[in-house]
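The values are calculated or read from the model by the stated rules, or taken from the named source; none is laboratory data. These figures come from a predicted structure and were not determined experimentally. With ideal geometry, Cβ positions are generated from the backbone for all residues, glycine too; neighbour counts draw on all protein chains shown. Each accessible area value is taken on the protein alone, full model and side chains, heavy atoms only, with ligands, DNA and RNA left out. Shrake-Rupley method; radii C 1.70, N 1.55, O 1.52, S 1.80 Å.
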Amino acid sequence: MITLNINGRDTQLDADPSTPILWALRDNLNMTGTKFGCGAALCGACTVHMGGQAIRSCVTPISSAVGQKITTIEAMEGDKVGKAVQNAWVKHDVPQCGYCQSGQVMSATALLKTNKSPSDADIESAMAGNICRCGTYQRIRAAIKDAAKSLA
Amino acid sequence: MRKEWMKQDAVVVGESGAVSRRSFMKAGALAGSGLVLGFFISGGNRFARAAETAKPVYQPNAFLQIAPDNTVTVQVNRLEFGQGVHTALPMLIAEELDVDWRQMRGALAPAAEAYKDPAFGIQMTGGSGTVAHSWNQYREIGAKARLMLIAAAAEQWKVDPAQVKTSKGMLLGPNGQKSSYGAVADAAMKQPMPEKVTLKEAKDFKIIGKPTPRLDARAKSSGQQQFGMDFKPEGCKVAVVARPPVFGAKVAKFDASKAKAIPGVVDVVQVPTDRGGSGVAVIANGYWPAKQGREALEIEWDSSGVEKVSSDKQLAEYKELSAKAGLSAKKADTSKLASAPKKISAVYEFPYLAHAPMEPLNCVVDLKADSCTVWAGSQFQTMDQAAAARTAGLKPEQVTLHTMMAGGGFGRRAVPTSDYIVEAVNVAKAYKASGKAGPVKVIWSREDDIKGGYYRPSHVHRAELGLDAKGQIVGWNHVIVGQSILTGTPFEQFMIKDGIDATMVEGMGDPYDVPLNLSVHNVKANVPVLWWRSVGSTHTAFVMETLIDEAAHAAGADPVAYRKKLIDPKHKRHHAALDLAVAKSGYGKKALPKGQAWGVALHESFNTVAAYVVVASVKDGVPKLHKVTAAVHCNQPVNPLTIEAQIQGAILMAVGTTLPGAAITLKDGVVEQSQLADYAIARMPDMPKVEVHIVPSTEPPTGMGEPGLPPLAPAFANAVFKLTGKRLRKLPFDLATA
C-alpha cells in the first residue's frame, strides 16, 4: 500500500511503485479527468500539480510522489485560480474535442499561480509542452490573459 | 469525404417533409422516408433501448426528449470529436422548436437505423457533412415537435391550436393559459405528426447564425467530460496488443511466461490483427500492468510473404512512374505546350501522415453468447456495428454500439475495415475463449497510434505547364502517383470510376479555366492508407495553388489579379471569398515590415471555399507564419463561433504539415516514427494570429470541418517564395533542398 496526498486527502492505493501517477489516478482511483495522451511527457494531456509545480503524471511514478501534495483537474473547481481559468475557458469557448484541455487548464493555472500577468512569451513558454491537435491555441492565449485580468 | 457523394445523393425534402435519398450504400439504404421524433418525459437514456426495439425506418423517440424540467435533449446522430456538431444540431432544433437556448442539451446517439445520414445512407461522420446533411432534417424535427406541443396544449385548454403561441419553451393560450413544454410533452407525443411544416426564413433566425458557446465547453474545461478512454464498465479489464512490426505479419511463436508473472496481468492471448496479421494481447487489471506485460512478451514474428516498404525506394519509384502518363482522369489539348515560350516543370512530394488524435484509439467490448456491446468514438457506426457483428459471429441487431465522445480523429475513426473495432472484438473473443468473462477495453499507446497505419497516403505529382507570351496557360500535363484510399473498400464501387480514385484527383484544376491533362498511377503498397482531414485536397490544393502562383509570377502578374482573371465569374463564391480575404488583410494596400511577405491561396473542398492571405517571414532558413486573414464561404453560417474555431484548427493542423518531422517514413516495412518527439505536431509557438471572416449568405450551409486546411500550406509556401525566390515543392517544408 502506498499513501498519496491527492487534492488534500491522503489516499491509500494498492499499486506497483513504478506505476505512473496518471494510471494510479485513472485505474486505481477512477479519477479520469487527467488524460493519457502520449505516456512520454511529450503532450501535456496528463498535467497535474505536485507541490504546486505542473508535472507530467504519465512519467512520474507514484513512488516519487509519496509525501508530496498532488492536485488534479478535479480540484480546480475549488481553487481560486483554477476556477478563474476554467471560467475563462468557457467564456472564450476554448475546447474543441476537449481531450487535452484538462492538461491545458492545469498548465495555465500553474502559470498564473507564479506569474500574475504573463506576457505572450511567458504564455508560449509555459504552454509549449501542451499539445492541442484541434488548434485551440489562439483562444487559450486569450483565455489565460482574461483569467489573469479577472484575478487582478 | 467527397463532394461527389453529395452530388449523387442529393437530399430531397418532399411535400410531406419526409427526407428521401438515393443511397450510395445500397445495403444500408433506408427503404423510404424516415422522419423521426418523439418525446420522453422520464430521465435516463432510453434512446438506446428505443432504437433497439423499434422497427427500422420509422422510429419514434429517437431524436428529441423534453423532460419535465423543460430541458430539451437532442440526440446527435454523429460523432462529436471537436467539430462542434454536438452544439450545431441542437441549434437547428432549438431554432424551430422555439426554446431558450439554455434549455438545450446534447447527447451522442448509438448506432441505429434512425440515425443514418440522410444523404450517405449510413450512420457516419465525415465529408464535413453533418450540418449540410442535417440542415433540413433537424429543423423539421424541431418544427414538427413544436406543432405537436401546440396541438397537445390546445386539446388540454380546449382552444383552437391557431390560438396557442410559443415563446422560449413555453406554450401560451388565448386566455392567459401557460404551460411549459415539459408539462405537455407526454401528451404531445400522442399527437399525430404533422405532415407538412413551414420552416423559418433566414431573416427570422434567432439562434442560427448567432455565435453560440458550445454545450460541452464547461465539461471539457473541468475534466468532467467522459471520453471513450474514460469509460469503464463494472469489471472491465484493460488490454494492450503487441502488433506485428510489419503490416500483416504474423506471430511465429511467443513466450508469455514473463508477462504472466507481472502482478495484475490476468491473461495473454494470441489474436488476429488487421490485414490478415496476428498479434498478442495482454489483458490486465489496468493499463500499466498490461503495458508492462506487453514489454515482457517474447515474440518471434513471421514477416515472410508481406511486402516491406521502404520510403526512399518507394519515392524513387513514384518519381520514375510520374514521368509516364497513367490512367486518364481529365483530358485536354496540350499540343501548345511544347512550343510555349515559358515553361514550368515541377515535381511535388508528399509523405505519409498519421492522424495522431489526442485521444489514442480505444474500444470497450462486452461480448456475451448472444450479444455484443461496443463503446467507441466511432465515425462509422453502421459499418463498425456490422464489422463487430461479423467478427463476433452475431447479427448486427445483436450488437449495440454506443458512440463515445472522442478526443479528435481527423478521419482515423472512420475506417472502412473497422480495424480497431474488429481487433477489440477479437481480443474479447480470445479472452472469452480462454474461459474468462467480462468487458475488455483495448487501449492503444501513442506508439501504437503512430505506428499503427492508416495514414494519409504519400503522393508524387509531376506538372509541366506552358505559358504564352501574355502569361496565359496554354497547356498543362499533370501526373499523380500514389496509393488509393478506396481500393478494396466498400466505397470502391461508388468512388472509383474507370480506375480513378476520386479522392486522388479532387481539387485538381478547379476553379481555374486551364487546359489540364491529368492522369493517375494508382499504386499498391503494404501500407494502410486513409482519409486525413480534407482528404485529397491535402495534396492537390498545395500543388494547384503554388503552381498558379508560379504561373502568375512567370506572367509578371500580381497573384491575386492573376487568379481573379483565371477564375470564371460564374464561380461567385470563390471571387467573394478571395475579395473578402484580400480586403480584410490589407493586401496590396498595406506595407509589411521588412523581411515579411504576403502569400495567397484559395481552395474549395466539401462545397466550401476558403481563401487565405498570409504574412510570413524566414529567419535562419526557417519559415515562420505570422498572420492569416481567412475568408470562408460556407453559405448560411450556423454557428460563427464554431466556424472560427474550425478555421483556426484547420490552419494549425496545416501548419503542422509544413514543420520538419511532419512525415511518416518506413524502412524495410517498419514505420520509423513512434512518438510525438519524432512525428512533429504543431505547438502553441507555431500558431499564427488568425482572423476569420465569413461571407454572408442564406443558402443551405456547406461543410466546415475540413475546408480550412487545404489553402494554408500553399499560401505559406507562396509567401516563402517571395522572400527567398525558392519554390517549396515538398511537404514538410525544406528550404535547404528547395
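By how many nm would the segment from B:E300 to B:S345 grow when fully extended, if each residue of separation counts as 0.36 nm and the alpha-carbon distance is taken off?
Numbers: separation 45, 0.36 × 45 = 16.20 nm, distance 4.81 nm.
Gain in length upon complete extension: 11.4 nm.
Could you sort the residues of the range A:1-43 by number and keep only those whose accessible area is reduced by 50 Å² or more in the all-protein-chain setting relative to the chain alone, 1.4 Å probe?
By number: A:W23, A:D27, A:F36, A:L42.
Towards the positive end of the charge dipole of the protein assembly as shown, with charges on Cβ (+1 Lys, Arg; -1 Asp, Glu), say which of B:A583, A:V94, B:H402 has the farthest Cα.
Positive-most Cα among the choices belongs to B:A583.
Counting only protein heavy atoms and using a 1.4 Å probe, what share of the accessible area of the range A:2-74 belongs to carbon plus sulfur, as a whole percent?
45
Ignoring ligands, DNA and RNA, how much accessible area is buried between chains B and A, both sides summed, with a 1.4 Å probe, to the nearest 100 Å²? Mind dumping the intermediate values first?
Values: alone 28460 and 7750 Å², together 31680 Å².
About 4500 Å² of accessible surface is lost on pairing.
Round to the nearest 0.05 the FRET efficiency obtained for A:N30 and A:S119 when R0 = 45 Å and r is the Cβ-Cβ distance.
Between A:N30 and A:S119 the formula returns 0.70.
Could you report chain B's accessible area per residue, 1.4 Å probe, as an integer in Å²?
In whole numbers, chain B has 36 Å² accessible per residue.
For the range B:429-471, list residues with backbone N below 20 Å from a point placed 7 Å from the Cα of B:D668 toward its Cβ?
Correct set: B:451-453.
Can you compute the FRET efficiency between B:D498 and A:S63 using 1/(1 + (r/R0)^6), with r the Cβ-Cβ distance and R0 = 60 Å? Round to the nearest 0.05.
With R0 = 60 Å, the Cβ-Cβ based efficiency is 0.40.
How many angstrom separate the Cα center of the range B:177-221 from the Cα center of the range A:123-152?
34
Residues of the range B:196-216 losing 10 Å² or more of accessible surface, assembly versus chain alone, probe 1.4 Å, please list them.
Listed in order, they are B:P213, B:R214.
For B:L327 and B:D100, compute 0.36 nm times the residue count separating them, minus their Cα-Cα distance, and round to one decimal in nm.
76.1 nm
Given points 7 Å out from each Cα along the Cα-Cβ axis, report the A:K80 to A:A152 separation in nanometres with one decimal.
Taking the two extended label points, one gets 1.7 nm.
When the dipole is taken about the Cα centre of chain B, and only Lys, Arg (+1) and Asp, Glu (-1) are charged at their Cβ, what size is it in debye, to the nearest 20? Before the final figure, lay out each step's value.
Details: 86 positive and 70 negative charges, 189 e Å.
Computed about the Cα centre, the dipole is about 900 debye.
Assigning unit charges at the beta carbon (Lys, Arg +1; Asp, Glu -1) and nothing else, what dipole magnitude in debye, to the nearest 20, does the protein assembly as shown show about its Cα centre?
Around 1300 debye, computed over the protein assembly as shown.
Which residues' amide hydrogens lie under 5 Å from the amide hydrogen of B:G106, considering only partners 5 or more residues apart or on another chain, with H built in the peptide plane?
For B:G106, the qualifying residues are B:V74.
With a probe of 1.4 Å, find how much accessible area the range A:2-74 has per residue, and write the answer as a whole number in Å².
The answer is 37 Å² per residue.
Mind jotting down the distance between the C-alpha centroids of the range B:155-175 and the range B:294-310, whole Å?
70
Extending each Cα 7 Å along its Cβ direction at B:K200 and B:H626, get the distance between those two points in nm, one decimal.
About 4.3 nm separates the two model spin labels.
Would you be so kind as to identify which of B:V365, A:T3, B:V240 lies farthest towards the positive end of the dipole of the protein assembly as shown, taking Lys and Arg as +1 and Asp and Glu as -1 on Cβ and the Cα centre as origin?
Farthest towards the positive pole: A:T3.
For the protein assembly as shown, what does -39500 (n - 2.57) per DSSP helix run (n ≥ 4), summed and divided by total residues, give at 222 nm, in deg cm²/dmol to the nearest 500?
So the calculated ellipticity at 222 nm is -8500 deg cm²/dmol.
Below 12 angstrom from the Cβ of B:K470, what's the summed charge of the other residues (Lys, Arg +1; Asp, Glu -1)?
Local charge sum for B:K470: +1.
For B:Q472 and B:K308, compute 0.36 nm times the residue count separating them, minus their Cα-Cα distance, and round to one decimal in nm.
The span from B:Q472 to B:K308 would gain 54.5 nm if fully extended.
Please compute, for peptide A:122-131, the average count of beta-carbon atoms on other protein chains lying within 10 Å of each residue's beta-carbon.
3
Can you compute the charge dipole magnitude of the range A:76-151 about its Cα centre, using +1 on each Lys and Arg Cβ and -1 on each Asp and Glu Cβ, nothing else charged? Give it in debye, rounded to the nearest 20.
Magnitude of the dipole: close to 120 debye.
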